[in-house]
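Heads up: the structure comes next, in structure tokens.
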Amino acid sequence: MDKKSENSKQAIIVLHEIYGVNQFVKEQCQKFTEAGYDIFCPNMIDRASFSYEQSIEAYDFFMKNVGFEVYKEINSFVNQLKDKYDNVFIIGFSVGATIAWRCCENSLCSGIVACYGSRIRDYTDINPICPTLLLFAEEDSFDVHAMVCQLQDKQHLSILEFDAEHGFLNPYSKHYNDKQSKRAKEFITCFIDECTK
């Protein structure tokens, strides 16, 4: 799902959760399109989206058929887009955030936003080369604070923790948190604005 204008020089690659390109992801794409960005949203699972009730099936499908090595394809896509755009950003949610994090060593990427990527904890040896913003929910399936302590001294990296649960940005999630979601969106907008200056 791609949305392009004729004159934008700013592109954002949106990376979905395990569920695929669902209503939440489409709305994120629409929001950034309205803000003037060309949006590219690869369907990494290459099928219709899973429902939230199918979380176990969706996770198994993602791990068996996609996996986190797909970041190499996203990196190549960034490199292609950089020929046409002044700035190319990646914004990822959950597994998409972990994939985005794995792309932060790509100097052609203008900036990365990774929202509650819980498997980032498997890739703490990565050192960002481009500006990178990590947003975590304090209540997740692992010790968020311990991981933040591990990562916080890396260059080009900003980390924010929110008093919320995994999925708090998604209004279709049972963990949606309106107040923290608004705060996070403000930080994301400011971060991207700073990177384009």
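The values are calculated or read from the model by the stated rules, or taken from the named source; none is laboratory data. Bear in mind that the values here come from a model prediction, so they are computed numbers and not experimental data. Every residue, glycine as well, gets a Cβ built from its backbone with ideal geometry; the counts of neighbours run over all protein chains shown. SASA here: full protein model, heavy atoms, side chains in, ligands and nucleic acids out. Shrake-Rupley method; radii C 1.70, N 1.55, O 1.52, S 1.80 Å.
So what's the net charge close to LYS154: Lys and Arg +1, Asp and Glu -1, counting the other residues with Cβ under 12 Å from its Cβ? Mind dumping the intermediate values first?
Details: positive: none; negative: GLU105, ASP125, ASP153.
My count for the surroundings of LYS154 gives -3.
Please report the relative contact order for the chain, taking Cα pairs under 8 Å with a sequence separation of at least 6, and give it as a percent rounded to a whole number. Can you show the working numbers first?
On the way: 373 pairs, mean separation 32.6, N = 197.
About 17 percent, as a whole number.
Which entry in [x] 109; [y] 154; [z] 119 matches volume of the Cα convex hull per residue in Å³ derived from the coordinates of this structure?
[x]
What ranking, highest mean first, results for peptides 35-46, 52-63, 91-102 when packing means the other Cβ atoms within 10 Å averaged over each residue? Mind showing how you got there, number by number?
Numbers: 35-46: 18.2, 52-63: 14.4, 91-102: 26.2.
Top of the packing list down: 91-102, 35-46, 52-63.
Lys and Arg at +1, Asp and Glu at -1: add these up for the other residues within a Cβ distance under 14 Å of MET63 and post the number. Can you show the working numbers first?
Working: positive: LYS64, ARG119; negative: GLU17, GLU57, ASP60, GLU69, ASP122.
Combined, the nearby Lys, Arg, Asp and Glu give -3.
So if each residue of separation counts as 0.36 nm, and I subtract the Cα-Cα distance between TYR59 and GLU27, what length gain in nm does that give?
Length gained between TYR59 and GLU27: 9.3 nm.
Taking a 1.4 Å probe, which of PHE89, PHE142 shows the most accessible area, and what order do the others take after it?
Details: PHE89 0, PHE142 30 Å².
The ordering from most to least exposed comes out as PHE142, PHE89.
Counting heavy atoms of the protein chains only and a 1.4 Å probe, report the per residue accessible area for the chain as a whole number of Å².
Values: 9400 Å² over 197 residues.
Using a 1.4 Å probe on heavy atoms only, each residue of the chain averages 48 Å².
So, counting K/R as plus one and D/E as minus one, what does the shell of residues with Cβ under 14 Å around LYS197 add up to? Each step should come with its number before you reach the end.
Working: positive: LYS9; negative: ASP86, ASP193, GLU194.
Every neighbour counted, the sum reads -2.
If you find the alpha carbon centre of the range 58-106 and of the range 121-197, how far apart are they in angstrom?
16 Å
Semi-axes, largest first, in whole Å: what does sqrt of 5 times each Cα gyration tensor eigenvalue give for the range 9-96?
On the way: eigenvalues 115, 50, 12 Å².
Ellipsoid half-lengths, sorted descending, are 24, 16, 8 Å.
Of the accessible area of the chain, with the probe set at 1.4 angstrom, what percent is carbon plus sulfur?
On the way: 4260 of 9400 Å².
Heavy-atom surface of the chain belonging to carbon and sulfur, 1.4 Å probe: 45 percent.
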